[in-house]
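Chemist: One structure, as structure tokens, below. Some questions next.
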Amino acid sequence: MAALLELKNVKKIYDMGRDIHVEALRGVSFSIEEGSYTAIMGHSGSGKSTLLQIMGCLDRVTSGEIVIKGTAVKDMNDFQLAKFRNRTIGFVFQSFNLIGNLTAIENVELPMIYAGVPRAERRKRAMELLKLVGLEEPEERAYHRPNQLSGGQQQRVAIARALANDPAVILADEPTGNLATNQWRRILDIFKRLNESGKTIIIVTHDPLVGQEATRIITLEDGEIIKDERIK
Amino acid sequence: MEILLEAFRSLGKDKLRTFLSMLGIVIGVIAVIVAIAIGAGTTANVTARISSLGSNVIIITPGFTGGFGGRAAMALTSVLQETDVQNIQQMAPDVADVTPILQKNFNVIYQATNTVVTVVGAYPDTFSILDLPLQSGRLLNQNDENADANVAVIGNVIATTLFGNEDPVGQTVYVSTGGFQVPITIVGELKQTGSKLTFNPDNMLIIPYTTAAAKLIQLNGGVSQIIASAKSAQTALNAVDEINNILYMRLQNTNQYRVISQNQILSTVSQTTDVLTLLLASIAAISMVVGGIGIMNIMLVSVTERTKEIGVKMAMGATRRRIMVEFLVESMFITIVAGAIGVGLSFLIAALVTYLASGLGLTVIITWPSIVLSFGVSVAIGLFFGLYPAYLASKKSPVEALRYE
Ligand SMILES: Nc1ncnc2c1ncn2[C@@H]1O[C@H](COP(=O)(O)OP(=O)(O)OP(=O)(O)O)[C@@H](O)[C@H]1O
Ligand SMILES: [Mg+2]
């Protein structure tokens, strides 16, 4: 399988000022194949979120190199990065992060607005995606605000939003962290289904139960990979 | 389009805050429009009053360095001569009539009342040139001139001062001059006219020119003022030029005389009211700027509050420019709506001012330029004061913004 994403000796040092530096990533190298389902695990503070942000082009590396779909991230300016995130990466966050004054369907449409998709097409695709993530009676729920939806429903809307521009990879940071057990099962089912239909998925978690469906588990400790196992 | 809708939504979320942030601009716009409207109304009022004088009256006075202090100087130094009157009559083709005036202040006594009155010596045609209407009795005529008659037509205001409710016609007053008292019989009373350029008949005692020259105001061929009329309103400016040239030929100094026409007064008045209006409007505009600062404040708070949202949008692929535009649209939305409300309300306030101040003769005329100006300024304020908060929003780091709680 072709490498979708490649990290070469990536380091990330947070400069806290007054000569205090936090080394969040101390030289991480690995590559992610297209269509894979990877879990990144590790204790709190091990650098998981930092790694995800860097893979998602939200932050720049201190040193090292990232290549996504053949493009070196460090060669891109802010504008290009925004466009790249828009088309190539779908984010799912722990706290859902839906925009509060937009309805569910408008949240799903948001990345498509940024991509310049025409209104009618946008609506149609957003509705399909809401159905895909199994929002019950989407015709009605679609027009609810996030605060009228349960946590599980919100996270499913967020997944639909992440899928909006058919990204190459879904990056999820503790997507089940704020959900009750019966709710996070559904979320993991969706990820599994998406992966089975070919979507590349990277999920960050500290919970082994959440990671169990991945085909590969990368374990971080203190900013370094201590284990990289393939399952099955 | 989506940006507009989104701006509308996020502003609708906290209606009270949005309303309060609009208030400054609303008040500012109202203040600017109403200030300019009052200015325009006043100009219109004054213009109407001046225009009622008849646009072809021209008054020539000795030059004075401003103010009413010049009046005294006028009577003492007689720069203007009777020959000027003849020259103007003969050499100014656009002048219809021209007549000299003798003028001086005297103590005038009627029974127990003794007051200072402007006594004017004038030929009968003065009444027609200035269009002075009679209230009772008769005007002066050529017979009075021929006889050096001690008769007078009295102005409305001074008549009340001297005679109270009594009918002045037929009464005799005494004009005291250097120990003498010249008896003058009132033969007519004028209607109140208000000031005719520099000439205010309401406060005058008008006697025949020859009587004045012989008995009260001896200027040895000098005259106090010259009153002329142009053949038509269209040729008034030409007439003024001609008179100026004639006087300049003799006096060789433009400071020694002044040729005043209604047009000049009108332009002076409108200049003065323009300056006043500008001043008022500037003060009002300050409140718009204050409103703008308020909006900037609100927008800065809003940017901070929505840091997380900004981070999420950036993660979804919003460019920095897009974030900036979103916030700019919001601040401009506030000011555009506020500007529109202000324009609407200013009509209401103007009507209210007109109603409340109707007794003061205050006219309020809302002008198009003031609407366009104040609305334009409020849009510009939205842009200007929204720029910095929007810039801050767009410069946020996506990671930092996402971590914000
Ligand atoms: N913006 C930042 N500035 C400074 N230090 C940071 C920043 N972000 C992360 N760190 C530090 O980098 C290290 C790794 O943080 P990171 O958030 O990646 O951990 P994590 O594995 O996601 O932890 P958790 O499971 O608690 O979410 C930590 O020591 C953290 O304090
Ligand atoms: Mg984390």
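Chemist: List the trypsin sites (Lys or Arg not before Pro) in the range B:184-274 that DSSP assigns to loop (not H, G, I, E or B) and whose Cβ has at most 13 other Cβ atoms within 10 Å. Which are they?
Modeler: Within the range B:184-274, the qualifying trypsin sites (Lys or Arg not before Pro) (loop, at most 13 other Cβ atoms within 10 Å) are B:Lys191.
Chemist: Here's something else I'd like to know. Where the only charges are on Cβ atoms (+1 Lys, Arg; -1 Asp, Glu), what is the dipole of the protein assembly as shown about its Cα centre, to the nearest 20 debye?
Modeler: Roughly 2080 debye for the protein assembly as shown.
Chemist: So what's the net charge close to A:Arg145: Lys and Arg +1, Asp and Glu -1, counting the other residues with Cβ under 11 Å from its Cβ?
Modeler: Here the charged neighbours net out to +2.
Chemist: Starting from 0 in steps of 10 Å, tell me what percent of the Cα-Cα pairs of the range B:146-297 lands in each bin.
Modeler: 9, 22, 25, 21, 11, 7, 4, 2, 0
Chemist: Within 10 Å of each candidate Cβ there may be at most 16 other Cβ atoms; applying that plus a DSSP loop requirement, which trypsin sites (Lys or Arg not before Pro) in the range A:1-107 survive?
Modeler: Answer in residue order: A:Arg18, A:Arg60, A:Lys69.
Chemist: Further question on the same structure: About the Cα centre of chain B, what is the dipole size in debye to 20, counting +1 per Lys and Arg Cβ and -1 per Asp and Glu Cβ, all else neutral?
Modeler: 1860 debye
Chemist: Please get the size of the charge dipole for the range B:57-231, origin at its Cα centre, with Cβ charges of +1 on Lys and Arg and -1 on Asp and Glu, quoted in debye to the nearest 20.
Modeler: 320 debye
Chemist: Okay, next question. Rounded to two decimal places and with Rh computed the Kirkwood way over Cα pairs, what is Rg over Rh for the range B:57-231?
Modeler: 0.95
Chemist: Between chains B and A, what is the buried accessible area in Å², counting both sides, with a 1.4 Å probe and ligands, DNA and RNA left out, to the nearest 100?
Modeler: It comes to approximately 2300 Å² buried between B and A.
Chemist: Continuing with this model, one more query. Per residue, how large is the accessible surface of chain B? Use a 1.4 angstrom probe and give square angstrom.
Modeler: 46 Å²
Chemist: Taking a 1.4 Å probe, which of B:Phe375, B:Phe8 shows the most accessible area, and what order do the others take after it?
Modeler: Order by accessible area, largest first: B:Phe8, B:Phe375.
Chemist: Using just the helices of chain B, give the 222 nm mean residue ellipticity in deg cm²/dmol: DSSP H runs with n ≥ 4 each add -39,500 (n - 2.57), and the total is spread over all residues, rounded to 500.
Modeler: So the helix-based figure for chain B works out to -18500 deg cm²/dmol.
Chemist: May I pose another question? Kindly give Rg over Rh for the range B:306-405, based on alpha-carbon atoms, with the Kirkwood expression for the hydrodynamic radius.
Modeler: 1.28
Chemist: With a 1.4 Å probe and all protein chains kept in place, how do B:Tyr174, B:Tyr388 rank by accessible area, largest first?
Modeler: Ranking B:Tyr174, B:Tyr388 by accessible area, largest first, yields B:Tyr388, B:Tyr174.
Chemist: Taking loop as defined by DSSP and a crowding limit of 16 other beta carbons within 10 Å, which chymotrypsin sites (Phe, Trp or Tyr not before Pro) in the range A:81-156 fit?
Modeler: A:Tyr143
Chemist: Determine the sum of side-chain charges near A:Gly42: Lys and Arg each +1, Asp and Glu each -1, restricted to other residues whose C-beta is under 15 angstrom from that of A:Gly42.
Modeler: Summing Lys and Arg as +1 and Asp and Glu as -1 gives -4.
Chemist: When the accessible area of chain B is computed with all protein chains present and a 1.4 Å probe, what percentage of it is carbon and sulfur?
Modeler: 62 percent
Chemist: What whole-number value in cubic angstrom gives the convex hull volume per residue for the C-alpha atoms of chain B?
Modeler: About 195 Å³ per residue, rounded to a whole number.
Chemist: Got a number for the accessible area of B:Met324? Probe 1.4 Å, square angstrom, nearest 10.
Modeler: The accessible area comes out at roughly 50 Å².
Chemist: Sequence gap at least 6, Cα distance under 8 Å: using those rules, report the relative contact order of the range B:57-231 to the nearest whole percent.
Modeler: RCO, the range B:57-231: 36 percent.
Chemist: If you don't mind, another one. Rounded to whole Å and sorted largest first, list the principal axis extents of the Cα atoms in chain A.
Modeler: Here the spans come out as 51, 42, 38 Å, largest first.
Chemist: Largest first and to the nearest Å, give the Cα extent of the range B:238-350 along each principal axis.
Modeler: Projected onto its principal axes, the Cα set of the range B:238-350 covers 87, 33, 21 Å.
Chemist: Also, I was wondering about something else. Placing +1 on the Cβ of each Lys and Arg and -1 on the Cβ of each Asp and Glu in the protein assembly as shown, which of A:Val22, B:Val46, A:His206 has its Cα farthest towards the positive end of the resulting dipole?
Modeler: In the protein assembly as shown, that residue is A:His206.
Chemist: Keeping all protein chains in place and using 1.4 angstrom, which order do A:Asp75, B:Asp148, B:Asp241 fall into by accessible surface area, from largest down?
Modeler: I get A:Asp75, B:Asp241, B:Asp148, largest accessible area first.
Chemist: Taking the Cα atoms of the protein assembly as shown alone, what are Rg (to one decimal) and Dmax (as a whole number) in Å?
Modeler: Rg and Dmax of the protein assembly as shown, Cα atoms, are 44.3, 138 Å.
Chemist: Taking the Cα-to-Cβ direction at A:Asp19 and at A:Glu196 and moving 7 Å from each Cα, how far apart do the two end points lie in nm?
Modeler: Between A:Asp19 and A:Glu196, the simple spin-label model gives 5.8 nm.
The values are calculated or read from the model by the stated rules, or taken from the named source; none is laboratory data. Computed from a prediction, not measured in an experiment: that's the story for all the values here. FYI the Cβ positions are ideal-geometry reconstructions off the backbone, even for glycines, and counts take in every protein chain you see. The protein model used for the area step is the full one, side chains on, heavy atoms only, and it has no ligands, DNA or RNA in it. Shrake-Rupley method; radii C 1.70, N 1.55, O 1.52, S 1.80 Å.
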